[in-house]
Structures are given as structure tokens and as C-alpha cells.
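Asks: Just dropping this structure here.
Values in this text are rule-based calculations from the coordinates and carry no lab data. The shown structure was predicted, so the numbers you read here are calculated from the model rather than taken from an experiment. As a convention, Cβ positions derive from the backbone with ideal geometry for all residues, glycine included, and neighbour counts pool all protein chains shown.
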Amino acid sequence: MKIGIDLGGSHIAIGVVDNKGKILEKVEKRITKVEKNNIKKVIEEYITEKVTDFIEKYKVTEVGIAIPGTVKNDIVVKSVNLGLKNYEIVKNLQTKIKLPIKIRNDAKCAGIAENAYGALKSYSRSIFLTLGTGIGGAVIIDNKLLNTGDLPGCEFGHIIIEKNGKECKCGKRGCWEKYASMKAFKDNLRDVLGVDERTSGKELLEILRKNNKDNPKYVQINKLVDQYIEYLSIGISNLINIFEPEAIGIGGSFVFYEEIFLEKLKRKIIENKLLFNERKDIIIQTAILDNDAGIIGATLKGNPS
């Protein structure tokens with residue numbers, strides 16, 4: 001057995017994974033805004049506690065961590081959505097967890113898991129995107145992750161789609177994830193509705209499902225959805241024009257909004273003629289492994305950072 005840990009911009013999920021990619025048990029924790037002020041302590045204490053519990057119940061041989069950002073030599077060089085820089089998380093954890101610990105970029109972990117067990121297993125050449133707090137990505141060619149050398153690359157969330165646009169946590173302006181991450185959409189929807197972050201993603205989805213002309217916010221909500229789809233389609237069409245994948249997989253919290261976004265996204269890319277090489281159809285599928293892909297992928301071998 002192996003333990004996979006998925007560190008997101010707003011959550012920690014830890015699971016025990018068998019050799020067939022099945023999660024036997026899982027625990028999760030949401031990271032609050034207050035906890036982000038002491039993020040390293042929160043991360044290390046929670047991981048240590050839960051991993052220790054799992055080790056007592058299962059025969060665990062290894063721990064894998066998936067984290068958003070740049071990873072090099074077991075160090076988190078930069079994770080803008082967690083506010084981390086040059087963070088020696090593996091070294092810190094190994095003072096209490098006496099098992100081999102590996103750490104990798106979260107989107108690449110999710111991508112390799114979906115390629116092995118999920119939505120992309122029928123394709124040898126694909127792109128995987130995680131749409132959540134930010135936007136992460138992975139390119140798979142001949143069933144292997146694209147190797148970009150010492151640094152992970154494929155930081156799709158930080159391609160520029162708006163010149164002199166919104167300032168991103170990475171320090172640049174106009175990054176794609178400032179417009180097309182699920183966090184960006186949910187924050188904008190909360191603004192339109194006049195609610196705060198206590199209104200959950202599940203509640204927002206129900207509002208979208210029930211949106212009709214009787215809703216005084218009907219026009220504003222539809223306009224927001226169309227605007228989001230436009231930003232998302234611009235970035236995805238750019239990636240298709242570069243890599244020409246057989247299929248695109250999308251994970252993160254986007255999967256829960258599939259019924260709202262997916263068909264509109266496909267139509268937008270095709271009907272607006274955003275592709276250099278014309279296609280009559282495009283294969284875009286939501287992740288089968290849902291938000292478990294990072295946990296599973298963190299335990300798989302042959303996955304570069």
C-alpha cells in the first residue's frame with residue numbers, strides 16, 4: 001500500500017492507495033483563510049497525524065505528495081496558491097514519518113492517474129487540466145508525461161490571455177487562471193449574487209441549475225457563465241493548436257459543474273473557429289477519478305516532478 005496526499009490551494013486530501021489505483025480509505029480537510037497565515041504548521045501537523053493513523057492500520061511502503069507549483073529536488077520552489085517558497089516539506093515531514101516520501105506537481109500527478117486509470121486511458125496523446133483554485137496542466141505523449149527537464153513546465157495557468165490584465169499571485173498580469181480557474185468563476189458568481197465565501201460551491205451549483213427568467217439575476221448570471229466559457233475556450237484552443245492532442249481531460253472542481261459548462265465549451269471552440277487545424281468535433285472529458293486523481297497519481301512511479 002501507498003499513501004497519496006493531494007495538497008490543493010484550499011484543501012488537503014490523504015488516501016491509502018492499493019497497487020491497482022484504488023483508494024481504500026480517505027480523509028480530507030479544508031484550509032481556511034486564517035490557517036493560511038500559518039500554512040506550513042497546518043500542513044505538517046495534519047499530514048503527520050493522518051499518515052501516522054494510516055500506517056497503524058495498513059502496511060504502507062511509501063508516501064507521495066501532489067502539490068500545486070514548482071518542485072525541484074524534493075523542495076517546493078514556488079507554490080503561489082499556497083503562498084510557499086523554497087519549502088523543504090519532505091525534509092520536515094521525514095523527522096516524524098519514517099517512510100520514503102516523494103513530492104510532485106499536482107496537475108501532473110492527476111494527469112498520469114487519469115491516463116493510467118481514468119478518462120484518458122484510451123488515448124496515448126492528451127492534455128490534462130486541473131481547474132480549481134488555479135489552473136494546472138500536464139501533457140502526455142505516447143502515454144508518458146512530457147519531460148521538460150529540471151523544472152516541471154506546463155504551467156498553463158500562467159499563460160497570458162489579457163495584456164496588462166489582472167495581477168496574479170505569481171507577479172505577472174493577465175494570467176489565464178485569474179480568468180478561467182474555478183475559483184475565479186465562483187468568486188465572480190458570489191459577487192453577482194451578493195454572497196460571501198460561506199456560500200459553498202455546492203450551493204452555487206444549485207443556484208446555476210435553478211437559474212431561469214424569474215430570477216432577477218438571470219441576465220447577470222448568464223453573462224458571467226458566457227464570459228467564463230470564453231476565457232476558458234481561449235486558453236484551451238491555444239493548447240490544442242500547440243499540441244494537437246487526441247483528447248483533453250479536465251479535473252478539479254470543474255467536474256461538478258460539467259452539466260453547466262462542458263457542452264458550451266466545446267461549441268465555443270468549434271463554432272468560433274479558434275483552432276488552426278479545423279475539427280468537426282473535439283474530445284473534452286471530465287476526470288473519472290474526480291478530485292481523487294491527485295492522490296492516486298502521487299503514488300504512481302515514473303512520474304517526473
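Asks: Would you mind checking which residues have amide H under 5 Å from residue 130's amide H? H placed 1.01 Å from N; only 5 or more apart, or other chain.
Replies: Residues meeting the amide H criterion: 136, 137, 251.
Asks: Further question: Looking only at 68, 100, 216, which one moves most when the chain is put into a Gaussian network model with springs between Cα atoms under 10 Å?
Replies: It is 216.
Asks: If one takes the longest principal axis of the Cα atoms in the chain, at what angle in degrees, from 0 to 90 and to the nearest 10, does the Cα axis of helix 182-193 lie?
Replies: Approximately 50 degrees, to the nearest 10.
Asks: Can you list residues from other chains, or at least 5 along the same chain, whose modelled amide H is less than 5 Å from the amide H of residue 165?
Replies: Counting only residues 5 or more places away or on other chains, the set is 174.
Asks: Now, a different point. If you fit an axis through the alpha-carbon atoms of helix 258-271 and take the longest principal axis of the Cα set of the chain, what angle between them do you get, 0 to 90°, nearest 10?
Replies: The angle comes out near 60 degrees.
Asks: Considering only C-alpha atoms, what is the centroid distance from region 146-216 to region 1-64, in Å?
Replies: Taking the Cα centre of region 1-64 as reference, the centre of region 146-216 is 25 Å away.
Asks: Something else: Can you give me the Rg/Rh ratio for region 121-287, using Cα atoms for both radii and the Kirkwood formula for Rh? Display every interim value, and only then the final one.
Replies: Numbers: Rg = 16.3 Å, Rh = 16.8 Å.
Across region 121-287, the Cα-based Rg/Rh ratio is 0.97.
Asks: Pick out, in residue order, every one of the GluC sites (Glu not before Pro) in region 207-305 that is DSSP loop and has at most 12 other C-beta atoms within 10 Å; say none if there are none. If you can, show how the numbers build up before the last one.
Replies: Values: sites: 230, 246, 258, 259, 263, 271, 278; in loops: 246, 278.
Those that pass, being in a loop and sparsely packed, are 278.
Asks: Give a quick list of trypsin sites (Lys or Arg not before Pro) in region 1-94 that DSSP marks as loop, anything other than H, G, I, E or B, with at most 14 other Cβ atoms within 10 Å.
Replies: Working: sites: 2, 20, 22, 26, 29, 30, 33, 36, 40, 41, 50, 57, 59, 72, 78, 85, 91; in loops: 20, 22, 33, 59.
Qualifying residues, ordered by number: 20, 22, 33, 59.
Asks: Helix 106-117 versus the longest principal axis of the chain: what is the Cα-based angle in degrees, 0 to 90, to the nearest 10?
Replies: 90
Asks: Something else: Checking the a/c ratio against 1.5 first, then a/b against b/c, what shape does the Cα gyration tensor give for region 19-178?
Replies: Numbers: a/c = 1.92, a/b = 1.20, b/c = 1.59.
Oblate, since a/c reaches 1.5 and b/c is not below a/b.
Asks: Could you work out the helix-only [θ] at 222 nm for the chain, with each DSSP H run of four or more residues adding -39,500 (n - 2.57) and the total divided by the number of residues, to the nearest 500 deg cm²/dmol?
Replies: Mean residue ellipticity at 222 nm (helix-derived): -11000 deg cm²/dmol.
Asks: Expressed in nm², what is the orientationally averaged projection area of the convex hull enclosing the Cα positions of the chain?
Replies: Working: hull surface 63.6 nm².
One quarter of the hull surface, i.e. the mean projection, equals 15.9 nm².
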